[in-house]
């Protein structure tokens, strides 16, 4: 219990630091005045806090929580410590959806999607969600016919390879500006969720995370093995499909709004298991939500340190933090 409270405190501290620290230095008093709406606050400071830092911090927190829960569910369903939210090719499906919209917009319409502003962002988000849902529907259809989790896992990896191959073909026939836009999207960023797009993102993530909590009981039973779970009266196929559906939608929404964010969903569940020393999902799910949010906030903070022009790609920072954790898992297991 103490370690869970410590994770919650760390999450709160990192959330505050993300609001007070950024690439543009602001005094603590200026940040507080901007947050409280005090009179006489410079417009620049108000815009930095309310249009940049606060949306980024909330986006990072919710995206990290969603990816961590998604990774925990995948590792439990497939009983594989190296499974993550991208293992079934769902994020690749989202990337393919974005590629179809972004790379074909210039080739067919003669105008880059990046030049359309908010309309282009909404089209990209919709394409990512649609692409992820198509792949997820295919995975769910396969899970109803394939009994082996390993076989389903391999099929998901193959679907991801096919999606990446199609993306490569689209890149070859696309104009340079569209290819650059797609590559930048693929680097991942928590700054893409503008204040106007924040309410639907936060609402969707809150609802999805809340719906994942009731799955803790069936996930605990799945840890015992499929045969033992059937003897206890659990419908293994239904439980597996529910977990895949929950994990897939979480991954799809995060990828649609932030781009493909790697390593968070793979590393955070192992960190929580090591800290809490338990496999009980009634404790792991809430802990992963908070730890995932904290890890994403830490990566976002490192990506935009003070006096640094621009921001580092989030995927580069998450890989630098997550890769050592994966190596540790390989060494231990």
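No value in this document is a laboratory result; all are computed from the given coordinates. Here the structure is a predicted model, which means the values were calculated and not measured. Glycine gets a Cβ as well: all are built from the backbone with ideal geometry, and neighbour counts include every protein chain shown.
Order of 288, 299 from fewest to most other C-beta atoms within 10 Å?
Listed from fewest to most nearby Cβ atoms, that is 299, 288.
Which whole-number percent gives the relative contact order of the chain, counting Cα pairs below 8 Å spaced six or more residues apart?
33
Order 23-30, 87-94 from most to least packed using the mean count of other Cβ atoms within 10 Å.
Numbers: 23-30: 13.0, 87-94: 28.9.
My ranking of the peptides, most packed first, is 87-94, 23-30.
Summing -39500 (n - 2.57) over the DSSP H runs of n ≥ 4 in the chain and dividing by its residue number, what mean residue ellipticity at 222 nm do you reach, to the nearest 500 deg cm²/dmol?
It lands at -24500 deg cm²/dmol.
Using 0.36 nm times the number of residues separating residue 27 and residue 237, minus their current alpha carbon distance, what extension gain do you get?
70.1 nm
Roughly speaking, what is the stretch gain from residue 45 to residue 142, that is 0.36 nm per residue apart minus the C-alpha to C-alpha distance, in nm to one decimal?
Working it through step by step, the gained length comes to 29.8 nm.
What's log10 of I(q)/I(0) for region 160-217 at q = 0.17, 0.25, 0.30 Å⁻¹, Debye sum over Cα points only, no solvent?
The computed values of log10 I(q)/I(0) come out as -0.82, -0.95, -1.12.
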